[in-house]
Number of protein chains: 2
Amino acid sequence: MSAIKERRERERAQRHQLIITAARELAEAEGWEAVTTRRLAERVEYSQPVLYSHFRGKDAIVRAVAIDGFGELAAHLRRARSAAPEPRQALHAVCRAYLGFATERPALYRAMFVMPTDVKFAHAETPPQLRASFDEFVSCFRPDNARRELSAEVVWSALHGIAVLSDSGRIPPDGQKERLDFLVTRLADTAS
Amino acid sequence: MSAIKERRERERAQRHQLIITAARELAEAEGWEAVTTRRLAERVEYSQPVLYSHFRGKDAIVRAVAIDGFGELAAHLRRARSAAPEPRQALHAVCRAYLGFATERPALYRAMFVMPTDVKFAHAETPPQLRASFDEFVSCFRPDNARRELSAEVVWSALHGIAVLSDSGRIPPDGQKERLDFLVTRLADTAS
DNA sequence: ACATGAAATCTAGCGCTGACAGAAAACAGG
DNA sequence: CCTGTTTTCTGTCAGCGCTAGATTTCATGT
């Protein structure tokens, strides 16, 4: 009887993740406009109300997708930074990786940083994966730089601006490299 | 008979603007989620289909609001730049004005720079008000700076990033001044 | 002054959406 | 095999953007 309950919970957890994955795939394939509760339910081969037994509502599903994304972003940035031989190149590599992430997974990126959210940023309840992503930027600045957190914040904001303006067609897609180089050159640590 | 037609067209133009204004006011008061064609129609005291005799659809109304906004932003930035005594302060003043605009009219700002749009940016068909806004940034850099357009683009992007992340609660509202100062210091023309 | 025809406007409805209440089915335990 | 709980589904709600077709308004010609 305990074993049965365990199996059920296991299956339930699988289905939970299945919903998140399906939502993400659908969003990446056709955009978030196409992610309706009905289409999502059809895709996971359950009826619509089942979604509400896992999530409070559609917003909560988007949020779950976003949190998955935070983990991937942190790993992505970490990989980029580790591969860079020295600090100055580290910032460049992390920034390039960030923009690449945003460009290659626009729907996921939107869930994380554009769509309305109640996820806490820069707060005690901030998801650790998100904190980790931010820390990748912080680590690109010298520990003795009293304003490295501020620097990280501004770099992140600037990258975000470039990412979303480019994604929505408000700045031309070519010239990203120039913008990136310019930004990094100006915002990197001044030579000690 | 010609006079009648003229009066009608005048009234029609007034109603056109009335719809735009009502949409904007409703959005600024309750957010764009609250701007439905029904509520908007009720507010202008006409039936819903009348909206569609003026605009192709809801998107077109949002776009009209945005274009109004571009004009206001250009004027706002121009005022700020004119009031600054010298170039270095000009960039600072324009950036501060930009962030102020975004903060004080978040709904209008969203229509202009966040919501999906088919307005052409950096293009021959770009609305002149929008081009003018961009040029205010360009003018903050020295004419002999070969990369002043690039600089303007990056400054704008960074400000946009700060504006939207702050508006959606993804960076703390306090510290805006520090971010602004930091950004301007780093991105301004290097001393000739 | 009244009928006519066009123009402007409204009523009613379509196919969607997110969300939920209550019926139905599945299933473990006696 | 029956019982009671848990799970899942059917059916529905109010509201969305949008539109076809009925209705009203109104300048015009007799």
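Just so you know, all these numbers are worked out from the coordinates, no wet-lab data involved. Since this is a predicted model, take the numbers as computed values, not measurements. Because the Cβ atoms are built from the backbone with ideal geometry, glycine has one as well, and the counts that use them run over all protein chains shown.
Rounded to the nearest 10 degrees, what's the angle between the helix B:148-167 long axis and the longest principal axis of chain B, both from Cα atoms, 0 to 90? With rounding to tens, the tilt is 60 degrees.
Relative to the dominant Cα principal axis of chain A, helix A:2-30 is inclined by about 50°. Before rounding to the nearest 500, sum -39500 (n - 2.57) across all DSSP H runs of length at least 4 in the protein assembly as shown and divide by the residue total; then give [θ] at 222 nm in deg cm²/dmol. -24000 deg cm²/dmol, from helical runs alone. GNM remark for chain B: springs join alpha carbons under 10 Å apart, and the peak mean-square fluctuation among B:Gly169, B:Gly57, B:Gly31 falls on B:Gly169. For chain B, the relative contact order comes to 20 percent (Cα pairs under 8 Å, sequence separation of at least 6). Among the GluC sites (Glu not before Pro) in the stretch A:142-192, none is located in a DSSP loop while being surrounded by at most 13 other Cβ atoms within 10 Å of its own Cβ. Pairing the Cα long axis of helix A:176-187 with the longest principal axis of chain A, what angle in degrees results, from 0 to 90 and rounded to the nearest 10? Helix A:176-187 and the main axis of chain A meet at about 60 degrees. Once the C-beta distance of B:Glu45 and A:Met115 is scaled by a Förster radius of 35 Å, the resulting FRET efficiency is 0.55 to the nearest 0.05. Please report the base-10 log of the normalised intensity I(q)/I(0) for the stretch A:134-174, using a Debye sum with one equal scatterer per alpha carbon and no solvent, at each q in 0.16, 0.25, 0.31 (1/Å). Debye curve over Cα of the stretch A:134-174, log10 I(q)/I(0) at q = 0.16, 0.25, 0.31 Å⁻¹: -0.48, -0.74, -0.94. Would you mind checking A:Lys58/B:Lys177; A:Lys58/A:Lys177; A:Lys177/B:Lys120 for any pair whose Cα atoms are more than 31 angstrom apart? Beyond 31 Å between Cα atoms: A:Lys58/B:Lys177; A:Lys58/A:Lys177. Who wins for biggest fluctuation among A:Ala60, A:Ala146, A:Ala41 in a Gaussian network model of chain A, springs between alpha carbons below 10 Å? So, out of A:Ala60, A:Ala146, A:Ala41, the one fluctuating most is A:Ala146. The GluC sites (Glu not before Pro) found in the stretch B:1-107 that occupy coil by DSSP, while having at most 14 further C-beta atoms within 10 Å, are B:Glu45.
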